[in-house]
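What follows is a set of notes on a single structure, which appears directly below.
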Amino acid sequence: MSFWRWSTPECRPVVSGLFGVICLVAGGSVFGAENTSNGVYTGTRSRTKGPDLQCLAEENVSVIVQDTIMLFTNSILHSFVLEFSPSPDGSFERTYISSAGHYVVIRGRIIGNLIEADVDNEPCSHHWRVKKGY
């Protein structure tokens, strides 16, 4: 007679099955897990620096994150594409320089369903606060 009830021959298939399910769940969260940052974020960008005539004080902005791509849209740029590769802590930084020498620097952090970022596009600087819709 076995001391452990779960080691009896009739219980071994149940224990093996439970172990297999646990391994599948644990493995699924590591392998092939979808990017939880993916989605559509909307909110505002507020001017932190720049002249009134060239830099809007506040406007709506939307951001779409899809794996390693970030597209943002404001009143001037529509679906502007940037590479997106946040660090494990959610922080990211990206610089884009156009062929004409114009640049955009974006530094931010994504935490849960919120992106906070500072965006420099001379002569303007803005702070973004966008939230993922469900």
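None of the figures in this text is laboratory data; all of them are computed from the coordinates on show. Bear in mind the structure is a predicted one, so any value in this text is a computation, not a measurement. Because the Cβ atoms are built from the backbone with ideal geometry, glycine has one as well, and the counts that use them run over all protein chains shown.
Some points to look at:
- A convex hull fitted to the Cα coordinates of segment 39-132 yields 88 cubic angstrom per residue.
- Neighbour-count ranking [beta-carbon atoms within 10 angstrom, fewest first] of 106, 76: 76, 106
- Sum of side-chain charges, residue 126 neighbourhood, beta-carbon under 11 Å (Lys, Arg +1; Asp, Glu -1): 0
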